[in-house]
Structure formats: structure tokens, C-alpha cells
Amino acid sequence: MIATGGFLPELERFVMIDRRRFLGAAAALPFAYAAGGFVPAWAQNAPNFGTPTLPSPGFRRIKVGDIEVIALIDGIARRPLGEEFVKNAPLAEVRAELASQGLPTEYVDIPFTPFLVVAGNRRILMDTGLGEFGPATTGKLFDNLRAAGFQPADIDTVLITHYHGDHIGGLRNKAGEFVFPKAKVMVPAPEHAFWMDDAKMAAAPEAMKGAFQNVRRVFAQMPADRLVRFEPGIEVVPGIRSVAAYGHTPGHTLYHLRSAGQSFYYVADLTNMPALFARNPDWAVAFDMDAEAARKVRREVFAQIVSENSMMGGFHFPFPAMGRMVARGNGYEFQPVGVA
């Protein structure tokens, strides 16, 4: 099933990238898929920097007009900070940026936070986390969903931003069962077309093939009446419009909520750690498949969010992963909920 619609006027400025460029280089994905789960590519022979502390409780609620938005942390992965993490900045400069904010400089913590939208009788989940396939400090979405007062069967719609494993892993369990039994799964058509293309998988660098295979594990046998492909730019459910933000992946898509004059953007992987990539929007994280397209759209979306004074949430932002973005020098600073 494909839903179609026009783009918002501001989307005309967003970069439309040539997807063939993605096949020219390996993607440094955050997790490589292997039998039994997602294996961090950086885990082999990595120093032991300890285990990240997960927030408790692992959910946080805010109101956006008449809509409730709930951050539900799936977990946190700790990885060594090496030259490869920021592709276009010296490691010493990256460490200096972290040190200036009182953050560790030898490793980085990467949170994974889907969001639940409660709008009237609708229960809409945006992204799903790693599910049963990540390391021990992940896979907490379902516990936190229940702690917030909901069950997987309460979810009527799942909105997917892109097909990296930490966003789609929670759709099925290891037995292959759909975790959200009553939910329609809505996906950006350009993203689906790229990852489900057998020719692209065959031509992809070896480092990307596991990601293609994982997409097939999740989507290949998904019933047609469950899977809804849409063209970014349409209103996917009442009050939530999709926003094309290509670059991190070929069809990376954000979601913009409006209710009673208030606004919330779920920016997914528009930027990874805001302490690095919001303050320095031109820096490229290793996971961006088209770094230049991601850089351009990151600046445009952040400028839009700041101009609207909108609330926002990010998948890899520090918990509670919700707040506001404000201009700071040549970049931006994320101010979490509860910070003046």
C-alpha cells in the first residue's frame, strides 16, 4: 500500500539526493546484523569503559497542545571514541568539544529513544529500538512502555523514520512474531525502495550487506495490509506530517506534530549526539550515508525548529531526549525538558 501527497512549502528547499551515491562507499552503521543479533562493529578488542547507567523511570511525558508525547528509552550503548566517529574533524578537536561540556573524552554514550504519541484514542509509536537483538543495555522499550501504562497491543500505528537496525529491530522478536499485533507500520517509500532493492544489495559493499539482510528479516514477509508506504510530505495520521530529511539514509524522514497551536518535531537521526553535532552541524557522524546531504538538511531543519520555537525530540539525544534547540555561535545547543 502506498500513500501519496504533496510536500510542505518549506520542503522544497530540502536537498533531494542521488541515491546511487550510497552504493559508492560502505556505511559505517552503528550495528552490524549477524545471526542472533546486532553486533557493535566497535566491540571487538575494545577497552572496558564500564556500563552506562539507564534512567529510572525510563519514560518521560510532555504535553503538546492536546497531544501527549512520551519518550521511551530503549537503552544506551557505550562505545570508544575513535577517529572514525566524526568523519571530518580531528579527534583532538572532538575531545576538546566534549571536555568543554564536562563530558567523557575516551568514549561516547549513544541512547536509543523511540517516542509514543497519545492523541485521543490513537497510540502512535515513532521507531522501535533494537528489540531483542541489541546488547544487554538495550531492549528496554517494552518494559518502559508498560511502565508508562501501555501494552504493545495498544499501539495502532508505528511510524518508521529509516531502516537502520536500531530503529526497526523492535518490530519483530527473535521468533519472527510481530511485537505490535494491531499496528499498521508506516514507512517512507524511498527508504523502503532502497533497502528492498535486490540489485542494490548485491552491489553494496560487504559492510552494508548485513543491514540489507536485516531489513528483509523485518519487512520481507510483512502482510500488505499491515505495511503502508508513503511519500514523505504527507500527513501520515491526523496532526502528524512527515518531513523529508534525506542524507542520513536515502529516505530518512522526520515527523512534525501540531496540536492546539503547539508544535513538536521528532528528528530521529537528523543529528547524533547533540553535544557534538548540534553544536557543530557541519560535522559528519560515521553513520550518515550521505554526509553532505545530511549536513544541509540538518542546518535547515534546526533553523526551522528554532524559528518556530518548537519542542523537539531526538532518537540519540540524552534522556529525556526532549526539549528545545537554540542558536549558539555557528551551531545550536539542545536544552532538555526542565532546563531553562
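Ala148 versus (1) surrounded by fewer than 24 Cβ atoms within 10 Å (Cβ to Cβ); (2) of a type in the set (A, V, I, L, M); (3) touching a residue at least 60 places away in the same chain (Cβ under 8 Å); (4) more than 26 Å from Gly239 (Cα to Cα): which is the lone unmet condition?
Ala148 satisfies every listed condition except (4).
Looking only at residues in the stretch 86-129 that are under 23 Å from the mean Cα position of the chain (by Cα) and among the hydroxyl-bearing types (Ser, Thr, Tyr), which one is surrounded by the fewest Cβ atoms within 10 Å (Cβ to Cβ)?
Result: Tyr107.
Among the residues in the stretch 205-219, are any of a type in the set (Asp, Glu) and closer than 25 Å to Ser310 by Cα? Break it down into steps so the answer makes sense when it comes.
At the first step, the residues of the stretch 205-219 found to be of a type in the set (Asp, Glu) are 206.
From the residues that got through so far, the ones that are closer than 25 Å to Ser310 by Cα too are none.
So far as the stretch 205-219 goes, no, none of its residues is of a type in the set (Asp, Glu) and closer than 25 Å to Ser310 by Cα.
Please pick out the residue among Pro114, Pro152 that is out of contact with any Pro (no Cβ under 9 Å at 6 or more places or on another chain) and over 30 Å from Leu91 (Cβ atoms).
Pro114
Just give me the residues in the stretch 69-107 being farther than 26 Å from Gly323 by Cα and among the acidic types (Asp, Glu), in sequence order.
Glu83, Glu84, Glu93, Glu106
Could you list all residues from the stretch 283-340 that are in a loop (DSSP other than H, G, I, E, B), touching a Phe, Trp or Tyr at 6+ places or on another chain (Cβ under 6 Å) and within 26 Å of Gly65 (Cα to Cα)? Full working, then the answer.
Going residue by residue through the stretch 283-340, those that are in a loop (DSSP other than H, G, I, E, B) are 283-284, 286-290, 309-310, 314-321, 329-330, 337-340.
Narrowing further to those that are touching a Phe, Trp or Tyr at 6+ places or on another chain (Cβ under 6 Å): 283, 286, 289, 310.
Listed by number, the list holds a single entry, Ser310.
Give the residues of the stretch 61-90 that are in contact with a Pro (Cβ under 9 Å, 6 or more places away or on another chain) and not basic (Lys, Arg), sorted by residue number.
Matches in the stretch 61-90: Ile62, Ala71, Leu72, Ile73, Asp74, Gly75, Ile76, Ala77, Pro80, Leu81, Glu83.
Would you pick out the residues in the stretch 302-340 that are under 15 Å from the mean Cα position of the chain (by Cα) and among the hydrophobic types (A, V, I, L, M, F, W, C)?
Within the stretch 302-340, Met312, Phe315, Phe317, Phe319, Ala321, Met322 meet the criteria.
Six or more apart or on different chains, Cβ atoms under 7 Å: show the pairs whose first residue is in the stretch 210-237 and modelled with pLDDT under 95 and whose second is of a type in the set (Ser, Thr, Tyr) and in a loop (DSSP other than H, G, I, E, B).
Pairs found: none.
Which condition does Val158 not pass, out of (1) surrounded by 18 or more Cβ atoms within 10 Å (Cβ to Cβ); (2) hydrophobic (A, V, I, L, M, F, W, C); (3) touching a residue at least 40 places away in the same chain (Cβ under 8 Å), if it passes all the others?
(3)
Within the stretch 108-131, is even one residue of a type in the set (Phe, Trp, Tyr) and over 30 Å from Ile234 (Cβ atoms)? First the steps, then the outcome.
We begin by selecting, within the stretch 108-131, every residue of a type in the set (Phe, Trp, Tyr); these are 112, 115.
Filter again for over 30 Å from Ile234 (Cβ atoms), leaving none.
No, the stretch 108-131 contains no residue that is of a type in the set (Phe, Trp, Tyr) and over 30 Å from Ile234 (Cβ atoms).
What is the number of the single condition among (1) surrounded by 16 or more Cβ atoms within 10 Å (Cβ to Cβ); (2) more than 19 Å from the chain's Cα centre (by Cα); (3) under 25 Å from Asn121 (Cα atoms) that Gly233 does not meet?
All conditions pass for Gly233, except number (2).
When both residues are 6+ apart or on different chains and their Cβ atoms are under 8 Å apart, which pairs have a first residue that lies in the stretch 170-184 and is farther than 15 Å from Asn214 by Cα and among the polar types (S, T, N, Q), and a second that is surrounded by 19 or more Cβ atoms within 10 Å (Cβ to Cβ) and at pLDDT 95 or above?
Sorted first by the residue in the stretch 170-184, then by its partner, the list stays empty.
Can you pull out every residue in the stretch 258-299 that is at positive phi and either buried (at least 24 other Cβ atoms within 10 Å of the Cβ) or modelled with pLDDT under 95 (or both)?
Selection gives Ala268 alone.
Run Val297 past the list (1) farther than 24 Å from Phe85 by Cβ; (2) in contact with a Gly (Cβ under 6 Å, 6 or more places away or on another chain) and report the number of the one that doesn't hold.
(1)
Condition (residue is on the phi > 0 side of the Ramachandran plot and not in a strand (DSSP E or B)) applied to the stretch 66-73: is it met by at least one residue? Let's see the steps before the verdict.
Residues of the stretch 66-73 on the phi > 0 side of the Ramachandran plot: none.
No, because not a single residue in the stretch 66-73 is on the phi > 0 side of the Ramachandran plot and not in a strand (DSSP E or B).
Listed residues Thr128, Thr161; which is among the hydroxyl-bearing types (Ser, Thr, Tyr) and touching a Gly at 6+ places or on another chain (Cβ under 6 Å)?
Thr128
The values are calculated or read from the model by the stated rules, or taken from the named source; none is laboratory data. These figures come from a predicted structure and were not determined experimentally. Cβ coordinates were reconstructed from backbone atoms using ideal geometry, including for glycine residues, and neighbour counts include every protein chain displayed.
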